[in-house]
Amino acid sequence: EMLEVLLPPAQNHGRGVVDFQFFAIDNLRRGMGKMKDKFNHLVTSARDNMSTQAQVQRAVLSIIRAKNLDQLLEVLTTDLLTLFDVDVVRLAIESNAAGLYDTYYSEHNYSGICFVPVNTAQAALTGETVRLIGDTHNEPPIGFEMIFADCSNLVRSCALLRLDLENVGKPAILAFGVRDSNHFNVSQGSDLLGFLGAVMAVSLDRCLNEVELPV
């Protein structure tokens, strides 16, 4: 550690003579510092990815174990909320009758199901499968107030996952919201979240097909 910060004294070899040893050692020391920073960043990223992978795996198991819509909503409001350490999880389902629904959310848990107008998923995700937003106050997605109804002022960062429901014929949105800005951001990987959304879409499509929900 001392060798990383100590430098040999520059030597005077006479007029017009430069001691390149001093600059070479200094350059090596700086290069070593940059490599250590990159290594530490790589280790941190690997740990974060492993943690996210474990979270998604446990979430997927909870989702596929749900046998009906009630159990799936219980997973949404309890398991996913805890596993991903977020403040709210919403399942926004597109419906022609979205304006007729008046869903109540407890102030202790804003997670649950909500209904949004047709084409909201396409507009909110701008055609993507997963959209990560760092600051919803400066960059609110289309339909933000409806997706996070009653708690939009709380949510400062969010992740939106498009769910394609084959039997229902309309997409839905699985939305995670947190009170801290930049919790989600565009620099983060989204493959695992995309997989989670695909699993949720299959389970939700099956559950909705078994109930008479006017969507």
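Coordinate-derived values only; no laboratory data. All of these numbers come straight from a predicted model, not from anything done at the bench. Note: ideal-geometry Cβ built from the backbone for every residue, glycine included; neighbour counts use all protein chains shown.
Observations
- Complete set of residues in the range 127-143 that are surrounded by fewer than 20 Cβ atoms within 10 Å (Cβ to Cβ) and over 16 Å from the mean Cα position of the chain (by Cα): G127, H137, N138, I142
- Residue in the range 199-206 that is farther than 23 Å from Q71 by Cβ and either assigned to a strand (DSSP E or B) or touching a residue at least 12 places away in the same chain (Cβ under 8 Å) (or both) present: no
- Scan of the range 52-76 for residues that are under 17 Å from the mean Cα position of the chain (by Cα) and not basic (K, R), ordered by number: T52, Q53, A54, Q55, V56, Q57, A59, V60, L76
- Filter result for L160 (without any contact (Cβ under 8 Å) to a residue 40 or more places away in the chain and among the aliphatic types (A, V, I, L, M)): yes
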